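Data first, discussion second: the structure below is written as structure tokens.
The values are calculated or read from the model by the stated rules, or taken from the named source; none is laboratory data. On a predicted model such as this, the values are computed, not experimentally measured, just so you know. As a convention, Cβ positions derive from the backbone with ideal geometry for all residues, glycine included, and neighbour counts pool all protein chains shown. Heads up: the accessible areas ignore ligands, DNA and RNA and are worked out on the full protein's heavy atoms, side chains in. Shrake-Rupley method; radii C 1.70, N 1.55, O 1.52, S 1.80 Å.
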Amino acid sequence: MIEIGNLTQYEFLALNSPLNLSDGHARQELTPSQSRIIEELPSLWADAIKRPVSEVEADSRSAFFGLFGQHSYPRGEGRVLPCYSSSVAMEIFARSVAGTSDAIGLIHPTFDNIPDILRGVGLRLIPVEEEVLHEGDLDPYLMTQVGAIFVTTPNNPTGRVISEERLRVLAAQCANYDVVLALDTCFRGFDTRAHYDHYAVLEESGCRWVVIEDTGKLWPTLELKIGWLVSSENVGLPVEKVYSDILLGVSPLVMSMVRRFAEDAAGGGLAELHDFIAGNRALVRAALADLPEIEFLDPDSRASVERVGIGSRSNLAAWTALSEHNVFALPCQKFFWADPARGEGILRIALARPPAALAVGAATLRTVLAEM
């Protein structure tokens, strides 16, 4: 039985397997219309060379943010910064906060590279239970101890979405305590309940805020993606300075490709993606449903991942047995970064995969679990 340092290390082991059900990146096949966009890359390259980078970037932002109803995103200079990935955006945010505070409140559970990055810059982490974020006020004492509250919505791995009403409450409380409210919305595209205009709510509240957007979970673009780091005018953090310490910008070719994928999604591709993920979720649930002690922990999730409770079975033993068949999922201890024992007996399955590969992986998982 193998236990590894963090979730990304588990994911590295799966990268070369055709039965990689581990990482949450988009690894399904391109749709016909997406394939045509790839055929356009030479012309997108030629266009990107001719046009000012700022113009290419503005078109990309407009298409992507508009796709998800984020019409009030800021247009001011330095307010939307493109990064190679959401993890790079997270690193920039973390360094910015560490210059002004020594502590941050962080949603619990969530993907463990978030706490790892925040700890890596010296921040002290205080867990904020997911249930608390969805009902009631945050602890007043907590709010006096932290420089920021960090929320993932939709959350990874649970898929839970902070509603517009709850975001309004959280933003108002952060404004009252002069605490930055930070949102990671990397899975927003999968759930229409997360398509209300977050920026309108945040701006209306008067709080200081940061939002991390991401294209990498949506489309199978071979890791060509953008993580946008968006901040309020009054954010009070050295975001632009830290950004300039790390990078100059991202490729205008990638920005052009993102624009085209967003346009394709707006023309019906997003609805196709939602149907695709729902079909793959149903496939996994059907494959495992009648096994004893099996539980689907997030019945309302629309994210591209699925948590499976496997009862009294060891998820590390299940992971090891699966890996012997070259099938890879994620054990969930490390999502519970403040209390790993709560993730025992849970596996996370990635759904953004070709259905045939997912079916083989689910069948293998069924065999492994039936023998445990």
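Tell me yes or no: at least one residue of segment 179-196 is out of contact with any Ser or Thr (no Cβ under 8 Å at 6 or more places or on another chain), crowded, with 23+ Cβ neighbours inside 10 Å and within 30 Å of Thr31 (Cβ to Cβ).
Yes.
Kindly provide the set of residues from segment 318-353 that are at pLDDT below 95 and closer than 18 Å to Ile277 by Cβ, ordered by number.
Within segment 318-353, Ala329, Leu330 meet the criteria.
When the residues of segment 271-287 are filtered to those that are under 20 Å from the mean Cα position of the chain (by Cα) and open to solvent by less than 20 Å² (accessible area, probe 1.4 Å), which remaining residue is farthest from Val161 (Cα to Cα)?
Among them, the one singled out is Asn280.
How do the helices (runs of 4 or more DSSP H) wholly within segment 86-148 filter down when requiring 2 or more residues that are touching a residue at least 60 places away in the same chain (Cβ under 8 Å), touching a Cys at 6+ places or on another chain (Cβ under 8 Å) and surrounded by 13 or more Cβ atoms within 10 Å (Cβ to Cβ): which remain? Full working, then the answer.
Details: elements: 86-98, 113-120, 130-134, 140-145.
Where helices (runs of 4 or more DSSP H) fall fully within segment 86-148 and carry at least 2 residues being touching a residue at least 60 places away in the same chain (Cβ under 8 Å), touching a Cys at 6+ places or on another chain (Cβ under 8 Å) and surrounded by 13 or more Cβ atoms within 10 Å (Cβ to Cβ), they are 86-98.
Kindly indicate whether Gly66 is surrounded by fewer than 21 Cβ atoms within 10 Å (Cβ to Cβ), among the small types (Gly, Ala, Ser), more than 17 Å from the chain's Cα centre (by Cα) and outside any loop (DSSP other than H, G, I, E, B).
yes
If we scan segment 41-52, do we find a residue that is assigned to a strand (DSSP E or B), open to solvent by less than 30 Å² (accessible area, probe 1.4 Å) and over 18 Å from Ala148 (Cα atoms)? Let's see the steps before the verdict.
So the first thing to find is which residues in segment 41-52 are assigned to a strand (DSSP E or B), and the list is none.
No.
Evaluate segment 81-99: report whether one residue or more is polar (S, T, N, Q) and over 23 Å from the mean Cα position of the chain (by Cα). Show your work before the answer.
Pass one, segment 81-99, residues polar (S, T, N, Q): 85-87, 96.
Narrowing further to those that are over 23 Å from the mean Cα position of the chain (by Cα): none.
So far as segment 81-99 goes, no, none of its residues is polar (S, T, N, Q) and over 23 Å from the mean Cα position of the chain (by Cα).
Based on this model, can you work out whether Glu29 counts as open to solvent by 50 Å² or more (accessible area, probe 1.4 Å), modelled with pLDDT of 95 or more and within 29 Å of Asn113 (Cβ to Cβ)?
yes
Can you run down the residue pairs with Cβ atoms below 6 Å, 6 or more apart or on separate chains, where the first is in segment 200-220 and within 13 Å of Cys83 (Cα to Cα) and in a loop (DSSP other than H, G, I, E, B) and the partner is modelled with pLDDT of 95 or more and open to solvent by less than 10 Å² (accessible area, probe 1.4 Å)?
Matching pairs, first to second residue: Thr215/Ile226; Thr215/Val258.
Given the residues Arg307, Arg366, which is the only one that is over 27 Å from Phe68 (Cα atoms), basic (Lys, Arg) and open to solvent by 20 Å² or more (accessible area, probe 1.4 Å)? Spell out the reasoning first.
Values: Arg307 fails: over 27 Å from Phe68 (Cα atoms).
Of Arg307, Arg366, the one residue that is over 27 Å from Phe68 (Cα atoms), basic (Lys, Arg) and open to solvent by 20 Å² or more (accessible area, probe 1.4 Å) is Arg366.
Given the conditions (1) hydrophobic (A, V, I, L, M, F, W, C); (2) under 29 Å from Arg193 (Cα atoms); (3) outside any loop (DSSP other than H, G, I, E, B), which single one is not true for Leu316?
Among (1) hydrophobic (A, V, I, L, M, F, W, C); (2) under 29 Å from Arg193 (Cα atoms); (3) outside any loop (DSSP other than H, G, I, E, B), Leu316 violates only (2).
So which residues in segment 221-246 are in contact with a Lys or Arg (Cβ under 8 Å, 6 or more places away or on another chain), in a loop (DSSP other than H, G, I, E, B) and open to solvent by less than 20 Å² (accessible area, probe 1.4 Å)?
Result: Ser232, Val235.
Only one residue in Asp298, Asp290 is acidic (Asp, Glu), surrounded by 15 or more Cβ atoms within 10 Å (Cβ to Cβ) and in a loop (DSSP other than H, G, I, E, B), so which one is that? Show your work before the answer.
Values: Asp290 fails: surrounded by 15 or more Cβ atoms within 10 Å (Cβ to Cβ).
Going through Asp298, Asp290 in turn, the sole match is Asp298.
Restricting segment 318-354 to residues that are under 22 Å from the mean Cα position of the chain (by Cα) and β-branched (Val, Ile, Thr), which is surrounded by the most Cβ atoms within 10 Å (Cβ to Cβ)?
Ile349
Might you let me know whether segment 70-84 holds any residue that is free of Cβ contacts under 8 Å to residues at least 40 places away in the same chain, out of contact with any Asp or Glu (no Cβ under 6 Å at 6 or more places or on another chain) and either surrounded by fewer than 16 Cβ atoms within 10 Å (Cβ to Cβ) or not polar (S, T, N, Q) (or both)?
Checking segment 70-84: at least one residue is free of Cβ contacts under 8 Å to residues at least 40 places away in the same chain, out of contact with any Asp or Glu (no Cβ under 6 Å at 6 or more places or on another chain) and either surrounded by fewer than 16 Cβ atoms within 10 Å (Cβ to Cβ) or not polar (S, T, N, Q) (or both).
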